[in-house]
Amino acid sequence: MEETYIINGGRKLSGEIEVEASKNAFLPVLAGSVLVDGEVEFLNTPEFSDIQNMCEILKVLNIKVNRSGKYLKLNTESIKNEKITHDLTNKLRASIFLLGPLLSKFKEASISYPGGCNIGTRPIDIHLSAFRSLGVKIVEKHGYIYCNAHNMKAGKVVFSSVSVGATESVMMSAIFLKGKTTLYNVAREPEIRELARFLNEMGAVVRGAGGDIIEIEGVKKLHGGTFSVFPDRIVAGTHLILGALCGRKMEIKGVRKEDNQLLLNILRESACEIEEKNDRMVISASEHIPACRFLETLPYPNFPTDLQPQFMVLESVANGTSVIKENLFENRFNHVMELVKMGADIFVKDRLAIVKGVERLYGADVSASDLRAGAGLVIAGLIADGYTTIHNLHYIDRGYERLEEKLKLLGADIKRVKIE
Ligand code: EPZ
């Protein structure tokens, strides 16, 4: 039994859609909960399958997990240091973020190599070399990584290359290290700042997150508390692009201007009407969307790779030709073939996609290949002429909450159907 979306495209969308809490902040924050002695409560937990899977892994560590709707309570009093096995890292690549907290808490950790995924091999060499530079002994054997941090000391880490996950995991590994640990060449994504905010609210001393240098002063322990995670800037960006294509005063609640500045500038240049109200943005599509000419994905504060597929849909019906360069992942153009099935005119060469805008897209039978490609295909189906069927919805469910219900409230003709 498979679930698919059936979308009848071409409608203008209006009404209000709310952005959920950030998946890419919630996942490291949940991993960071391992460091807390006691109870942590979260008040705005989204129904993303990635979050559910991370909670399943926390249960393997004997953390008590109580959830009801958006409310999530974790109790770490009976936490145990268990091996993070292959089936767990396979289900959730972000389980690698647990390495730092487990080393902090237990001085030892064993974790299976997280699989790659459809967008790339996703190595973890940057994580491991950073841990080694703080004195962690690492043995890689039979697909597992065995880490021993008994001689780990506060010190200086210069990341060999910018990595969001490595910055987060190593930051968490230094929380209890006596003295000051300084991280250089760090990722500056807003999610890093949000993780530091969580850790500091639980009693950590982390300074400079979001900037070029992060300093961690070791503390003895972290206490519990209550926390709400900030809105998901990638979900917000997804809805902004949708609104730019078929919104009619579409209200997006929870867009933080500072997290989507670049996209907002681009959309305003395409003459979309975007009105900023206190905690929301109201967007109406423009009839004439000029091609963006050139856009490349780079670490924050540049254009985020996680909005590249959605942005490509915008460019596929823009006036003119645009070139999109994907610098972060070596295989993040799987959505191109699906968009071409819908009438898009896109040519890919290595890391470049040349997108020649067409008048309109046409409904087709397409398949999501990863989370953000799936989100892009939903946007494409909503603006295409005719019916689009989208397969592999489990990818979309990883980072979008009941998307079909929320889009229906905006006036979209979208159904989630089970097919044999
Ligand atoms: C985080 O992944 C996000 N995931 C990704 O979002 C996002 O695309 C990515 O950051 C970049 O912004 C979460 O936060 C859970 P990286 P992460 O380490 O930490 C290479 C989504 O759709 N690299 O910054 O894995 C890597 O292959 C997901 O929500 C190494 O070579 O990303 C990539 O090319 C997709 N060695 C680049 O660095 C390493 O040890 C950036 O990866 C680590 C990474």
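The values are calculated or read from the model by the stated rules, or taken from the named source; none is laboratory data. Quantities reported herein were computed from a predicted structural model and do not represent experimental measurements. We place every Cβ from the backbone using ideal geometry, glycine too, and count neighbours over all the protein chains shown. All accessible areas refer to the heavy atoms of the entire protein, side chains included, with ligands and DNA or RNA removed. Shrake-Rupley method; radii C 1.70, N 1.55, O 1.52, S 1.80 Å.
Below are the figures for this structure:
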read-out	value
The stretch 136-154, subset open to solvent by less than 20 Å² (accessible area, probe 1.4 Å) and away from the ligand (no atom under 14 Å from the Cβ), residue farthest from Lys178 (Cα to Cα)	Cys147
The lone exception for Asn200 - which of (1) within 16 Å of the ligand (Cβ to nearest atom); (2) free of Cβ contacts under 8 Å to residues at least 60 places away in the same chain; (3) under 23 Å from the mean Cα position of the chain (by Cα) it fails	(1)
Subset of the stretch 269-312 [in contact with a helix residue (DSSP H, G or I) (Cβ under 8 Å, 6 or more places away or on another chain), outside any strand (DSSP E or B) and more than 16 Å from the ligand (Cβ to nearest atom)]	Ser270, Cys272, Ala285, Ser286, Ile289, Ala291, Cys292
Search result, residues across the stretch 326-356 that are touching a Gly at 6+ places or on another chain (Cβ under 6 Å) and under 9 Å from Ser316 (Cβ atoms)	none
One residue from Met342, Met337 being open to solvent by less than 30 Å² (accessible area, probe 1.4 Å) and of a type in the set (A, V, I, L, M, F, W, C)	Met342
So Lys341, is it free of Cβ contacts under 8 Å to residues at least 40 places away in the same chain, within 15 Å of the ligand (Cβ to nearest atom) and charged (D, E, K, R)	no
Candidates Arg280, Arg293, Arg332 - the one that is touching a strand residue (DSSP E or B) at 6+ places or on another chain (Cβ under 6 Å), in contact (Cβ under 8 Å) with a residue 40 or more places away in the chain and over 20 Å from Ala375 (Cα atoms)	Arg280
Odd one out for Val162 among (1) open to solvent by less than 40 Å² (accessible area, probe 1.4 Å); (2) at pLDDT 95 or above; (3) within 8 Å of the ligand (Cβ to nearest atom)	(1)
